[in-house]
Amino acid sequence: MASKIFTPTNQIRLTNIATVRLKKGGKRFEIACYRNKVISWRNKEEKDLDEVLQTHTVFSNVSKGQAAKKEDLINSFNTDDQTKICLEILEKGELQVSDKERTQHLENTFKEIASVVSGKCINPETKRPYTISIIEQAMRDIHFSINPNRNAKQQALDVIRQLKQSNNIPIQQAQMRVQLTISAKDAKKFKEKMNKLSTMPNIENEEFLGSSMQLICSIDPGVFRELDDLLRSETRGQGQLELLSLMDVAEGDEALNDLNEEKTDD
């Protein structure tokens with residue numbers, strides 16, 4: 001009679017995993033996650049824990065399928081609630097990836113950041129957007145360091161700030177064009193306060209229409225909410241703020257940018 005082969009009951013076999021590791025209380029604890037989901041969770045883009053965890057199990061060694069001992073969990077986390085511990089490891093632990101995966105992730109993030117910056121910014125001297133390839137080179141010139149735990153949009157703001165400080169290339173965020181409508185009696189006081197905003201709007205046109213005043217301004221995208229709050233408070237909710245365009249760039253620049261990208265790709 002053939003002998004039976006027994007598999008330890010604390011072993012769980014998983015495939016295609018990303019491991020997050022946390023050392024606590026002198027012990028090593030790991031959780032098994034789906035690839036590409038850990039960063040999404042930490043950036044609050046993914047909110048379903050089941051989309052992140054392969055299993056609500058805490059391991060001492062994921063690759064060997066060894067589940068952590070209950071006594072070790074209690075000693076280190078003061079609980080044996082697996083899901084609660086998984087959440088702590090997911091938040092504080094270190095994502096384990098191979099050198100090849102890390103390099104590929106950094107390259108992809110680098111390109112994504114450059115794309116975001118290209119879409120948000122222009123050369124203030126020409127009013128034209130930069131191609132992605134130019135932004136990538138500028139990022140290399142300032143030796144921008146990628147943070148693998150932050151998303152591309154967050155890091156794009158860092159790039160814009162550093163490029164401005166370096167004077168490597170002339171750059172500014174493309175402006176928004178907005179139209180404000182307020183009562184004539186509130187106009188003078190509102191304009192005085194508007195000119196004290198963190199980034200002063202550029203008034204392109206101003207005219208009175210009956211009992212109202214209409215302003216068309218170019219503003220930094222970062223001041224939109226601040227301007228909206230000011231308008232609401234000063235007009236007691238009666239004023240109107242309308243977005244006319246997302247980018248204040250020279251006519252035809254989007255087509256030019258697309259053409260340049262195609263040439264770069266070739």
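Of these, 63, 118, which one is among the small types (Gly, Ala, Ser) and farther than 30 Å from residue 220 by Cβ?
On the way: 118 fails: farther than 30 Å from residue 220 by Cβ.
Every option except 63 fails the conditions.
Which residues, counting only those in the range 158-208, are aliphatic (A, V, I, L, M), under 23 Å from residue 109 (Cα atoms) and modelled with pLDDT under 85? Working first, answer last.
Quick first cut of the range 158-208, residues aliphatic (A, V, I, L, M) only: 159-160, 163, 169, 171, 174, 176, 178, 180, 182, 184, 187, 194, 197, 200, 203.
Then keep just the ones that are under 23 Å from residue 109 (Cα atoms); that gives 159-160, 163, 169, 171, 174.
Selection gives 174 alone.
Search the range 231-248 for residues being of a type in the set (A, V, I, L, M, F, W, C) and modelled with pLDDT of 85 or more, and hand back the single one that is nearest to residue 196 (Cα to Cα). Please lay out each step first, then the result.
Restricting attention to the range 231-248, the residues satisfying the condition of being of a type in the set (A, V, I, L, M, F, W, C) are 231, 241, 243-244, 246-247.
Keeping just the survivors that are modelled with pLDDT of 85 or more gives 231, 241, 243-244.
Details: 231: 13, 241: 18, 243: 21, 244: 23 Å.
That would be 231.
State yes or no: is residue 192 farther than 28 Å from residue 119 by Cα and either exposed (fewer than 14 other Cβ atoms within 10 Å of the Cβ) or in contact with a His (Cβ under 7 Å, 6 or more places away or on another chain) (or both)?
Values: farther than 28 Å from residue 119 by Cα: yes; either exposed (fewer than 14 other Cβ atoms within 10 Å of the Cβ) or in contact with a His (Cβ under 7 Å, 6 or more places away or on another chain) (or both): yes.
So residue 192 fits the description; yes.
Are any residues in the range 135-153 assigned to a helix (DSSP H, G or I), surrounded by fewer than 17 Cβ atoms within 10 Å (Cβ to Cβ) and either touching a residue at least 24 places away in the same chain (Cβ under 8 Å) or among the hydrophobic types (A, V, I, L, M, F, W, C) (or both), and if so, which ones?
Listed by number, the residues that qualify are 141, 153.
Here's the yes/no breakdown for (1) outside any loop (DSSP other than H, G, I, E, B); (2) surrounded by 15 or more Cβ atoms within 10 Å (Cβ to Cβ); (3) assigned by the TED database to the domain that holds residue 148; (4) at pLDDT 90 or above:
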position: 31; (1), (2), (3), (4): yes, yes, no, yes
position: 40; (1), (2), (3), (4): yes, yes, no, no
position: 44; (1), (2), (3), (4): no, no, no, no
position: 63; (1), (2), (3), (4): no, no, no, no
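Mind checking whether some residue in the range 237-248 is farther than 25 Å from residue 121 by Cβ, of a type outside the set (A, V, I, L, M), in contact with a helix residue (DSSP H, G or I) (Cβ under 7 Å, 6 or more places away or on another chain) and surrounded by fewer than 15 Cβ atoms within 10 Å (Cβ to Cβ)?
To start, the set of residues in the range 237-248 that are farther than 25 Å from residue 121 by Cβ comprises 237-240.
Applying the additional criterion that residues be of a type outside the set (A, V, I, L, M) yields 237-240.
Then keep just the ones that are in contact with a helix residue (DSSP H, G or I) (Cβ under 7 Å, 6 or more places away or on another chain); that gives 239.
Next, from what is left, pick out any that are surrounded by fewer than 15 Cβ atoms within 10 Å (Cβ to Cβ): none.
Scanning the range 237-248 turns up no residue that is farther than 25 Å from residue 121 by Cβ, of a type outside the set (A, V, I, L, M), in contact with a helix residue (DSSP H, G or I) (Cβ under 7 Å, 6 or more places away or on another chain) and surrounded by fewer than 15 Cβ atoms within 10 Å (Cβ to Cβ).
Listed residues 187, 156; which is under 24 Å from residue 226 (Cβ atoms) and touching a strand residue (DSSP E or B) at 6+ places or on another chain (Cβ under 7 Å)?
187
Mind checking which residues of the range 154-177 are in a strand (DSSP E or B) and within 24 Å of residue 45 (Cβ to Cβ)?
Start the filter on the range 154-177 by keeping residues that are in a strand (DSSP E or B), which leaves 172-173, 176-177.
The one that is in a strand (DSSP E or B) and within 24 Å of residue 45 (Cβ to Cβ): 173.
Cβ contacts < 8 Å: first residue in contact (Cβ under 8 Å) with a residue 60 or more places away in the chain and under 23 Å from residue 155 (Cβ atoms), restricted to the range 18-40; second residue surrounded by fewer than 16 Cβ atoms within 10 Å (Cβ to Cβ) and among the basic types (Lys, Arg), any location; separation 6+ or different chain. Result?
Here the result reads 18/35, each pair linking the range 18-40 to a residue that is surrounded by fewer than 16 Cβ atoms within 10 Å (Cβ to Cβ) and among the basic types (Lys, Arg).
Assess whether residue 124 counts as being touching a Cys at 6+ places or on another chain (Cβ under 9 Å), touching a residue at least 40 places away in the same chain (Cβ under 8 Å) and surrounded by 13 or more Cβ atoms within 10 Å (Cβ to Cβ).
Working: touching a Cys at 6+ places or on another chain (Cβ under 9 Å): no; touching a residue at least 40 places away in the same chain (Cβ under 8 Å): yes; surrounded by 13 or more Cβ atoms within 10 Å (Cβ to Cβ): yes.
In short, no.
For residues that are in a helix (DSSP H, G or I) and of a type in the set (A, V, I, L, M), scanning just the range 219-234, find the one that is nearest to residue 124 (Cα to Cα). Walk me through it before giving the result.
Taking the range 219-234 as the starting set, the residues that turn out to be in a helix (DSSP H, G or I) are 221-234.
After this cut, where a residue has to be of a type in the set (A, V, I, L, M) as well, the list is 223, 227, 230-231.
Working: 223: 18, 227: 22, 230: 27, 231: 28 Å.
By that ranking, first place goes to 223.
The values are calculated or read from the model by the stated rules, or taken from the named source; none is laboratory data. Computed from a prediction, not measured in an experiment: that's the story for all the values here. Virtual Cβ from ideal backbone geometry, glycine too; neighbours counted across all protein chains shown.
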